[in-house]
Amino acid sequence: MPNTPSESCVNTGVSITNNAPINNPKPTPKRAISDAALRALKPSDKPYKHAAGGGLYLEVTPGGSKLWRWKYRIDGKENRYAMGSYPELSLREAREKVESARKLVKQGLHPAQQKRLERIKSAHEKANTFETIAKEWLDLKDWEDVTKKRRLDMLDRVVFPSIGPLPLREITPPVILGILKKAADSNGPSVMAEAKRTMFGIFELAAETFRVDSNPVHQWREALPKNKTQHKQALGITEIGRLLRDIDGHGGNFQTQCAFNRSCSCYAR
């Protein structure tokens, strides 16, 4: 007769409990990184790293600085991305930066290089304000100084107070429309039309020199009042006589007086 399990235990001298669970040791959980632990890090004779997970680590220098670094690879080559110092940049903020940088790395872009490009682009856009480009546009015109001054005066009164210091790329069609509506209400349709032509020319220069992608000054047809041409009243006989006497008594250059008299002979009406 075969031995029962209990008999086998007795015979072998080993105590076994039926259906007892196997007691496997659980792995010790890793301690979470905390700000308190990071603040407690002390400098050593040599720089050392304190890992924060996912390639992120804090480099502690002998001078006591704590610098965030992120280790990543592009094309199999290991790189480092410096993100700032602790505690100015907190642990949470450093991890958020890593997530943003990770998206760039997935596109094959180096975060540090992209950061430099964005900084250059921002400085370039801040330098290209509307007022700066407007004055550049005026300088390119072969107008008389008095004409340039008159146009600049209009810009000073009507346009610059709203968008003069703004970077060009921040100026949108609704902003332009608001300026033109205000000009129409405050200064009349003719000034509005002049402001529209001027802004259109300025943005055309900016577009041709790759400082904006498109011209935000639209050819609005219904949103703005029409600038109707106002014809001057024709001179009467008495007024024409007074004009001719004034020309004769002008006392200016002889050629100028001859030109006036000649033009009077050629009036269409």
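Per-structure values
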item	result
Whole-angstrom gap from the stretch 58-111 to the stretch 190-211, using each part's C-alpha centre	44
Cα-based equivalent ellipsoid, the stretch 35-113: semi-axes from gyration tensor eigenvalues, Å	24, 14, 9
Given charges at beta-carbon only (K, R positive; D, E negative), |dipole| of the stretch 130-208 in Debye	280
Fraction of the pair-distance distribution of the stretch 130-208 above 14 Å, Cα-Cα pairs, percent	60
Residue-averaged 222 nm ellipticity for the chain, from DSSP H runs of 4+ at -39500 (n - 2.57), nearest 500	-15000 deg cm²/dmol
Relative contact order for the chain, counting Cα pairs under 8 Å that sit 6 or more residues apart, in percent	9
Degrees, to the nearest 10: 254-265 long Cα axis against longest axis of the chain	80
Dimensionless Rg over Rh [the stretch 89-236; C-alpha; Kirkwood]	1.17
Long-range HN-HN contacts of LEU56 with modeled amide H, under 5 Å	LYS71
Candidate lysines - alpha carbon under 21 Å from LYS106, same-chain residues fewer than 8 apart omitted	LYS71, LYS77, LYS97, LYS115
Length-normalised contact order of the stretch 35-113 in % [C-alpha pairs under 8 Å, at least 6 apart]	20
Orientation-averaged projected area, Cα convex hull of the chain (nm²)	37.1
Hypothetical label at LYS149: residues of the stretch 185-206 whose amide nitrogen lies under 17 Å (7 Å Cα-Cβ projection)	none
0 to 90° range, to nearest 10: angle between helix 189-208 axis and the chain longest Cα axis	50
Relative packing of 253-261, 191-199, which averages over residues the other C-beta atoms within 10 Å, highest first	191-199, 253-261
Relative contact order (%) - criterion: Cα under 8 Å, at least six apart; region: the stretch 136-254	23
Only Lys, Arg (+1) and Asp, Glu (-1) charged, at Cβ; the chain dipole about Cα centre in debye	540
Unit charges at the beta carbon, dipole of the chain: most positive-side option, PHE200, THR61, LEU117	THR61
Footprinting exposure proxy for PHE203, PHE160, PHE210 (fewest neighbouring C-beta atoms within 10 Å first)	PHE210, PHE160, PHE203
Positive-end extreme of charge dipole, the chain - chosen from VAL158, GLY84, VAL146 (charges on Cβ)	GLY84
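Coordinate-derived values only; no laboratory data. The structure displayed is predicted, hence computed values, not measured ones. Neighbour counts run over all protein chains shown; Cβ positions are idealised from the backbone, glycine included.
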